[in-house]
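Report on one structure; see the data block that follows.
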Amino acid sequence: MPDTGWLAGGTPIRHSERFACIQCRVRPEHKKKETRRKDWQDKGGIEVAAAKRLTTDIAHATSVDGVLSILEGARLNRLDEIHYSASIYKMASLRRGPPQPLSNFRMFNWIAENFGKMLLTKSVSARTASMTLWSVATARDTMPDLQVLLPGAIASTVDKSHSMNDQQAVQSLWAVATLFTYVPAARSSLQMELVCDHLARRIDAIRGSLSMQGLDNCLWSIARLPATCLQEKLLPVILDTCREVLSNEDRWKADKRTTYSGWARLAWALSFLGCKDMTILQPVSQILTQAAPSLEGGGLLPLIDLVCAYAKLRIRDKRLLDLVAGLPWEFKYFRDWDLCALIWSYQTLDQAHNHDEFQAKLVREQRKRHLTQDHVKWSQKGYEEWEAFED
């Protein structure tokens, strides 16, 4: 998820008012201070403060109606790209339930028209371009009306890609892959080859600053976009960078964004690519298996992603299977997908039946939850695809 702390804005500089109560004649140096304060106000200081308060109000809204109501009460001619992108981001983050028809709101249509024009003229920052694209992708089909902004978001992303930082470039690539995968209706607006080419070149240029989370998001995106230039232009770069990071323990330990779930997602992304690269998978497995004895409850779940990735790649690692089977699993922490994926992994890899007792325990829980063998088989496709599975 992107850094959103900027949405709250800040506070303007407060000039001293300690001479305001002096009733006697003001000395020349005091007049100078008062003049500077008046100049600050005349130049828009008060407007800046109001604009920042508006972004704070948007960030604190708890509903789509709330976001649009806040904007209704604002001075529309003072709205800028930060207000627009903050509003779109906030609405996307509030997605839940059935699709919401935003076009029923007059204020949304006004935003879509004016912000859409701004995006198409490519007059926005790299941050705004990236966050807008990410927001539309996050909303998916629950807010289809946001997709009216896609042509402008793509145009601005291409135009500003050269100045994006690592987070902005990766989240833009993730957004394109997400829309292509889960929102087929959006594909015609994505300009796949153009946007992938620009983002691949930018990510290559800043590869040294990529976090482990950024690397696994890149791999996931490449796997979802097999028919693009990413396979040739970006995949070798990302795999090399993964090896570099894994060989430098100080580097990845210093990255506070790196989590056990992140390591597991890296293995999972490789499995989607069909990439059986043990120079990456083996160190990742070692990191997770060494940590396993100190983990408990839900903290053990990344091991399921790891063993399922190995199963997808048909890598039989007896030590990994022995370790996972012997962990103190508590089913109350399992989603249905976790259970099905673990069952499928052992059905696939434990051909020698070394862990029949463990598998029997899993199957008993499967029956309690009324999950079928079809659910088990479908789990190999991933959590989101499994969620969409219908009997």
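The values are calculated or read from the model by the stated rules, or taken from the named source; none is laboratory data. The structure displayed is predicted, hence computed values, not measured ones. Virtual Cβ from ideal backbone geometry, glycine too; neighbours counted across all protein chains shown.
Of a type in the set (Asp, Glu), farther than 27 Å from residue 284 by Cα and surrounded by fewer than 24 Cβ atoms within 10 Å (Cβ to Cβ): does that describe residue 197? Yes; evaluated as a whole, the condition is true for this residue. Residues that are among the aromatic types (Phe, Trp, Tyr), touching a residue at least 40 places away in the same chain (Cβ under 8 Å) and buried (at least 21 other Cβ atoms within 10 Å of the Cβ) are absent from region 115-128. Only one entry in 221, 261 is surrounded by fewer than 18 Cβ atoms within 10 Å (Cβ to Cβ), within 18 Å of the chain's Cα centre (by Cα) and either at pLDDT 95 or above or in a helix (DSSP H, G or I) (or both), namely 261.
Candidates are the residues of region 147-163 that are out of contact with any Gly (no Cβ under 9 Å at 6 or more places or on another chain) and touching a residue at least 40 places away in the same chain (Cβ under 8 Å); the one that is surrounded by the fewest Cβ atoms within 10 Å (Cβ to Cβ) is 162. Set side by side, the residues 388, 309, 360 differ, and just one is in contact (Cβ under 8 Å) with a residue 12 or more places away in the chain and either of a type in the set (Gly, Ala, Ser) or touching a strand residue (DSSP E or B) at 6+ places or on another chain (Cβ under 8 Å) (or both), which is 309. Test residue 322 against the criterion of being under 23 Å from the mean Cα position of the chain (by Cα) and either surrounded by fewer than 19 Cβ atoms within 10 Å (Cβ to Cβ) or under 14 Å from residue 260 (Cβ atoms) (or both), and give yes or no. Spelling it out, it is not the case that residue 322 is under 23 Å from the mean Cα position of the chain (by Cα) and either surrounded by fewer than 19 Cβ atoms within 10 Å (Cβ to Cβ) or under 14 Å from residue 260 (Cβ atoms) (or both). Filtered by the rule that a residue be surrounded by 19 or more Cβ atoms within 10 Å (Cβ to Cβ) and within 11 Å of residue 111 (Cβ to Cβ), region 63-73 gives 67, 68, 71. Consider region 235-258 and keep the residues that are surrounded by 14 or more Cβ atoms within 10 Å (Cβ to Cβ) and part of a loop (DSSP other than H, G, I, E, B). The one that is modelled with the lowest pLDDT is 255.
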